[in-house]
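Q: Before I ask anything, let me first share the structure, which is written out below as structure tokens.
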Amino acid sequence: MKVSKDENKNLSDSIDQMQEALDVFIELYNQSEEDTFYVKLDDEVIELIQKAKNAFGQDMVNQKVNTIIKEVLSFLPLDDYIVNDTDESEDVG
């Protein structure tokens, strides 16, 4: 395929931009981590959380939900169990 100097320059610039974008994607991929779901929430609970976030803001809802979860989990005899993250995450997710 024959191209003019201007077309050649445009193609070269386009290739450079594609390479830069590819480098960004590779960097994002290398920095990514697998998202772990600790608790499967029911659809009804998700809707309630969304309503609460809209009404009171995400930070407040996060704080309240985390406080409640800590309180509920404090009633369990967790010190009696050895936590194995790899095995537990498969059952919980």
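Q: Of the conditions (1) acidic (Asp, Glu); (2) modelled with pLDDT under 95; (3) surrounded by fewer than 10 Cβ atoms within 10 Å (Cβ to Cβ), Asp43 fails just one. Which one is it?
A: (2)
Q: Could you please tell me which pairs satisfy a Cβ distance under 9 Å, a separation of 6+ or placement on different chains, a first residue in the stretch 47-59 that is β-branched (Val, Ile, Thr), and a second residue that is not in a helix (DSSP H, G or I)?
A: Ile49/Leu41
Q: Further, regarding this structure: What single numbered condition from (1) at pLDDT 85 or above; (2) under 20 Å from the mean Cα position of the chain (by Cα); (3) exposed (fewer than 10 other Cβ atoms within 10 Å of the Cβ) fails to hold for Asp91?
A: Going through the list (1) at pLDDT 85 or above; (2) under 20 Å from the mean Cα position of the chain (by Cα); (3) exposed (fewer than 10 other Cβ atoms within 10 Å of the Cβ), Asp91 breaks only (1).
The values are calculated or read from the model by the stated rules, or taken from the named source; none is laboratory data. Quick caveat: nothing in here was measured; it's all calculated off a predicted structure. Using ideal geometry, Cβ is built from the backbone for each residue, glycine included, and neighbour counts are taken over all protein chains shown.
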